[in-house]
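Right, one structure below, let's go through it.
The values are calculated or read from the model by the stated rules, or taken from the named source; none is laboratory data. As the structure is a computational prediction, the values presented were derived from the model and not from experiment. When we count neighbours, we look across all protein chains shown, and the Cβ atoms used for this are built from the backbone with ideal geometry, even at glycine. When the accessible area is computed, the model is the full protein with side chains, heavy atoms only, and any ligands, DNA or RNA have been set aside. Shrake-Rupley method; radii C 1.70, N 1.55, O 1.52, S 1.80 Å.
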Amino acid sequence: MSESLLSDANQRLKKALRYVTIHEDAVERLKHPKSSLTVSIPVRMDNGSLRVFQGYRVRYDDSRGPAKGGVRFHPGVTLDEVQSLAFWMTFKCAVLNLPFGGAKGGITLNPKELSKFELERLSRGYVDAIADFIGPDVDIPAPDVYTNPMIMGWMMDQYSIIRRQITPAVVTGKPIAMGGSLGRETATAMGAFFVIQTVMPKLNRKPENTTVAVQGFGNAGAVIAELLFRAGYKVVAVSDSQGGVYSPQGLDIPSIRKIKESTRGIKAVYCEGSVCNHVDHTAVTNAELLELEVDFLIPAALENQITAENADRIRASYIFEVANGPITSAADAILEAKGIQVFPDILVNAGGVTVSYFEWVQNRSGYYWTLQEVNQRLEEKITRETELIWTIAQELNCDLRTAAYVHALKRMGEAIEAKGTREDYVK
Ligand code: GLU
């Protein structure tokens with residue numbers, strides 16, 4: 001990758017600023033991450049040796065409230081990536097009108113190579129290293145790629161040990177038994193599903209005539225594939241990091257999930273088990289999946305999947321970004337010229353952080369909601385913001401990503417200006 005992810009992310013800001021006027025001081029602030037922490041985390045491995053891992057926590061902006069965002073465990077984690085992800089979190093929280101700024105964290109490693117005990121020591125070591133940088137009123141971590149409720153539980157517990165106070169609101173996405181919220185695990189996919197359902201009538205579409213390809217079969221991808229399947233959409237292709245399956249007649253997603261859970265890979269679906277017996281399918285690579293001729297393409301894995309290199313070969317009519325940053329800004333322009341409409345990450349995948357916000361509220365009030373209450377509040381919130389962004393795009397005659405940025409910028413601009421601008425000091 002030649003260009004820095006953060007400078008690419010900043011291109012979106014630049015484009016949105018053509019449509020909205022916010023104070024130049026606020027714009028200047030938003031070009032730079034507020035603070036970036038790099039830490040070395042020593043971990044005692046099971047064989048007795050000591051390994052030092054590199055970790056990061058970045059607070060991009062906290063004008064609208066404590067910073068919020070996940071922690072990613074992945075071999076590709078760099079400071080630049082974490083800063084870009086923190087930038088997106090800032091806009092995402094503003095799009096959903098959550099009282100939060102944006103943050104992100106990460107550790108550079110392949111978590112599949114560590115034992116459970118090593119992972120626990122690493123997660124606790126990470127919190128030891130960043131404990132002074134986070135807190136329920138400062139910066140609140142959550143799950144992201146390859147992190148899960150168990151890891152969030154260890155992190156919350158470690159923070160509580162350091163502070164000598166049980167502090168559930170310092171981390172969201174925890175196990176239910178440790179103060180987690182019902183519905184948090186499925187929230188990213190659920191939010192994406194509500195966005196899709198809200199726009200279906202606007203796109204004049206019916207589920208039964210809509211084909212879908214989903215890239216990524218983790219917490220977000222597998223659940224959105226199943227929600228769409230159950231709602232009558234024709235999910236024709238799914239993939240994980242190893243590869244994927246495609247069947248023009250549609251795949252039976254619940255059985256694929258079962259096989260994946262028992263074998264830990266979609267590849268096993270090729271030739272074993274019920275799916276292969278019932279559905280005629282072809283093996284596809286991740287790159288091929290992206291280029292299938294489908295109505296909806298849902299990238300739900302990592303960033304930078306659709307770039308200037310392959311954008312021209314994309315044949316989907318609509319793209320819903322369930323991953324963070326799967327399309328580069330250069331690819332955006334190519335897709336737009338081809339008439340492909342993109343529903344942006346900062347709206348489509350915002351269900352996760354929205355239910356994280358609900359979890360934080362529940363932790364602070366000590367009163368817990370039912371699953372129905374969680375999902376209903378998520379639906380209300382994300383549907384409302386989807387409608388607003390749709391209207392902005394119509395009014396400004398711009399793409400939906402730009403409309404989402406304009407929407408967020410107005411809220412962020414107000415908060416930054418309220419704290420004082422040059423005019424308050426210079427007469
Ligand atoms: N990692 C998720 C995201 O990128 C969730 C963040 C959170 O819940 O704070 O939106």
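Key figures for this structure:
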{"quantity": "Failed item in (1) more than 16 Å from the chain's Cα centre (by Cα); (2) open to solvent by 20 Å² or more (accessible area, probe 1.4 Å), with residue 190 passing the rest", "calculated": "(1)"}
{"quantity": "Out of 379, 385, 359, sole residue that is over 16 Å from residue 320 (Cα atoms), within 16 Å of the ligand (Cβ to nearest atom) and of a type in the set (D, E, K, R)", "calculated": "359"}
{"quantity": "Selected residue [surrounded by fewer than 19 Cβ atoms within 10 Å (Cβ to Cβ), within 22 Å of the chain's Cα centre (by Cα) and not acidic (Asp, Glu)] from 135, 153", "calculated": "135"}
{"quantity": "Residue in the range 226-260 that is modelled with the highest pLDDT, counting only those that are open to solvent by less than 40 Å² (accessible area, probe 1.4 Å) and in contact with a Lys or Arg (Cβ under 6 Å, 6 or more places away or on another chain)", "calculated": "250"}
{"quantity": "Verdict on residue 125 being away from the ligand (no atom under 12 Å from the Cβ), free of Cβ contacts under 8 Å to residues at least 40 places away in the same chain and either of a type outside the set (Gly, Ala, Ser) or in a helix (DSSP H, G or I) (or both)", "calculated": "no"}
{"quantity": "In the range 330-356, the residues that are more than 10 Å from the ligand (Cβ to nearest atom) and of a type in the set (A, V, I, L, M)", "calculated": "330, 331, 333, 334, 335, 337, 340, 342, 347, 348"}
{"quantity": "Helices (runs of 4 or more DSSP H) within the range 362-427 that include 2 or more residues more than 20 Å from residue 65 (Cα to Cα) and over 19 Å from the mean Cα position of the chain (by Cα)", "calculated": "371-396, 422-425"}
{"quantity": "Near pairs, Cβ below 8 angstrom, 6+ apart or cross-chain, from the range 65-82 (farther than 14 Å from residue 34 by Cα and of a type in the set (Val, Ile, Thr)) to any residue that is open to solvent by 10 Å² or more (accessible area, probe 1.4 Å) and within 11 Å of the ligand (Cβ to nearest atom)", "calculated": "71/143; 71/144; 71/147"}
{"quantity": "Odd one out for residue 238, checked against (1) within 16 Å of the ligand (Cβ to nearest atom); (2) not in a helix (DSSP H, G or I)", "calculated": "(1)"}
{"quantity": "Residue ID - most open to solvent (accessible area, probe 1.4 Å), chosen from residues in the range 316-371 that are among the acidic types (Asp, Glu) and closer than 30 Å to residue 292 by Cβ", "calculated": "336"}
{"quantity": "From the options 408, 393, residue that is without any contact (Cβ under 8 Å) to a residue 24 or more places away in the chain and surrounded by 18 or more Cβ atoms within 10 Å (Cβ to Cβ)", "calculated": "393"}
{"quantity": "Yes/no for residue 181 being within 12 Å of the ligand (Cβ to nearest atom) and either among the polar types (S, T, N, Q) or over 24 Å from residue 62 (Cβ atoms) (or both)", "calculated": "yes"}
{"quantity": "Unique match (being open to solvent by 20 Å² or more (accessible area, probe 1.4 Å), of a type in the set (A, V, I, L, M, F, W, C) and without any contact (Cβ under 8 Å) to a residue 12 or more places away in the chain) among 17, 50", "calculated": "50"}
{"quantity": "Cβ pairs under 7 Å, 6+ apart, first in the range 132-145 and within 14 Å of the ligand (Cβ to nearest atom), second open to solvent by 10 Å² or more (accessible area, probe 1.4 Å) and of a type in the set (Lys, Arg)", "calculated": "139/59"}
